[in-house]
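For reference, the structure is listed below as structure tokens.
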Amino acid sequence: MRRVIANGEVFVEGERRPLDLVIEGESITALLARGTGPTDAEVIDANGLVALPGAVDVHMHTREPGYTHKEDLITCTRAAAAGGYTTIFGMPNVDPPTMTTEDLDATLELYREKSIVDYNHNPAAKLLDQIAAMADRGIAAYKIFMVVDTGRTYPHPSAIGVHEHGELYEMMKEIAKTDLRLMVHPHDQSLMDVVEQSYWAAGDRSPWAYGKTLAAEDGMIWDTATGTLLRLAEATGCKLHIVHTQTARQIEMIEDARQRGVDVSAETNHWTIFLGTEEDIKEQGSYVLSYYVPPHHQQAVWDALRNGSIDMVASDHAPHTREEKEVGWTDAWAAHTGTPGIQDQLPLLLDAVHEGKLSLARCVDLTSAAPARIFNIDKKGSLAPGSDADIVLVDLGRPWTITNEAVESKIGWTPYHGRSGTGSVVRTLVRGTDVYANGEVTGLPGHGKQVTLR
Ligand SMILES: [Zn+2]
């Protein structure tokens, strides 16, 4: 099958160009001057639209297997398609948590049957004797978190958490041998245990108390953990990926480590820049995750997104039911943390482009080129000939309003309900096949393939 995306612009080599894009089968085969493409091809009229590389989300909580009352691999990849995402990486906090080759094989089989977009899955690097064997399954990274859930048992099951520096050190030495990257949610639980006592003693378990706890001492819970991780990465040579980069000090430490040759990539998430204010937390409570990002840190994150200190924006898509969130009004520690976002993230970032807060080139790098480059994903993150035809057609001038009614995720709500902006996802293709067009998800379960590494 041959298709031509004609009459629009194509984002290639860092800029928009008036080109026609030729797709043969699953690949992009040529970029040609407008009107000079093959005449026997199906034409997709992109007049007024810009073709961007399909977005790549390396941090997504699919909830399957085990938590399919929240989300499953069909619903979350429908949300991805509608949001312009053509590749996703799932996380290991499913049930059974992904720690062994057996768990990993079974989980990857579920993706094969159900995923609409391309995928990979990051297992937890918890069992040292499983690390090398899991690498053979074609994974791109491992994931671990340093959080302990107090007052709840999810989304951070203790089986796949790591809370001792010695254990982290052993783990990173083992991962270094695979040359894959370790993604870590940095967190200092010992400090959190102390800080939260001051609120609990006063009987305050509100979302705002939770937010202030996480942000205590200008972000020390994040910063001390990040410092430890960077030092261990330097000691072991393990490639490191810091998720939830959200303080000025984290950014400084990451830049400093890079100067010393540490291979560290940094990720922030939509909620850091679009949902982390005091007002958001007081209005929406646990629905917005309730990680408080004070204005000066939010500013530092925006600066880092513009100057490249932060490499990518990942969704950390983390759906939970309303019931699991409502309890947060009386006890935020009991509410499952996390908020959905994969369907809304790219429009929110395109709105930031429209507002002049971010260049389109940085937006594309943050959402597709950088994740593909840093996680070594083959044929993704670019519209150059030879790449997979993973394409998102966007209308940079089309306004949007986000509503719960349009949510593809099983939970049926979004923290952005009612928010408006400019810059819309119009159509999404995965390897040349439409998975989203004209407001409808058209991709079929099983279309997605596990991505390969370069
Ligand atoms: Zn996460």
The chain: calculated mean residue ellipticity at 222 nm from DSSP helix runs of at least 4, using -39500 (n - 2.57): -9500 deg cm²/dmol
Percent relative contact order for the chain, counting Cα pairs under 8 Å at least six residues apart, stands at 21
Mind sorting Tyr67, Tyr169, Tyr111 by how few other Cβ atoms lie within 10 Å of their own Cβ, fewest first? Tyr169, Tyr67, Tyr111
If packing is taken as the average count of other Cβ atoms within 10 Å, what order do 11-17, 428-434, 50-56 fall into, highest mean first? 50-56, 428-434, 11-17
Does the stretch 183-291 come out rounded, prolate or oblate by the C-alpha gyration tensor, with a ≥ b ≥ c the root eigenvalues, rounded set by a/c under 1.5 and, if not, prolate when a/b is larger than b/c and oblate if not? prolate
What is the distance in Å between the Cα centroid of the stretch 193-220 and that of the stretch 350-427? 34
Straight-distance crosslink candidates among lysines, where the alpha carbon sits under 18 Å from Lys380 and sequence neighbours closer than 8 are dropped: Lys449
Can you order the peptides 404-415, 148-159 by their average number of other Cβ atoms within 10 Å per residue, highest first? 404-415, 148-159
C-alpha long axis of helix 248-259 to longest principal axis of the chain, angle in °: 70
Report the gain in length on full extension from Glu355 to His165: 0.36 nm times residue separation, minus Cα-Cα distance, nm rounded to one decimal. 64.1 nm
Quick check on packing: order 347-358, 24-35 by the mean number of other C-beta atoms within 10 Å, highest mean leading. 347-358, 24-35
Val43 long-range amide H proximity, modeled H, under 5 Å: Val4
Which ³J(HN,Hα) values, rounded to whole Hz and listed in residue order, are derived for the stretch 292-298 from phi using the Karplus coefficients 6.51, -1.76 and 1.60 in 6.51 cos²θ - 1.76 cosθ + 1.60 with θ = phi - 60°, glycine and proline given as x? 7, 10, x, x, 6, 6, 4
For the chain, the longest principal axis of the Cα atoms and the Cα long axis of helix 189-201 enclose an angle in degrees, to the nearest 10, of 70
Taking a cut-off of 19 Å between Cα atoms, list the aspartates and glutamates near Lys126, but don't count ones fewer than 8 places away on the same chain. Asp95, Glu102, Asp103, Asp105, Asp136, Asp149, Glu164, Glu167, Glu170, Glu174, Asp179, Asp188
According to the square roots a ≥ b ≥ c of the eigenvalues of the Cα gyration tensor, what is the shape class of the stretch 55-374, taking rounded for a/c under 1.5, prolate for a/b larger than b/c otherwise, and oblate for the remainder? rounded
The answer for Arg419, listing residues at least 5 apart or on another chain whose modeled amide H is closer than 5 Å to its amide H, is Ile402
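Coordinate-derived values only; no laboratory data. This is a predicted model, so every value here is computed, not measured. For neighbour counting, all protein chains shown are included, and Cβ atoms are generated from backbone atoms with ideal geometry for every residue, glycine included.
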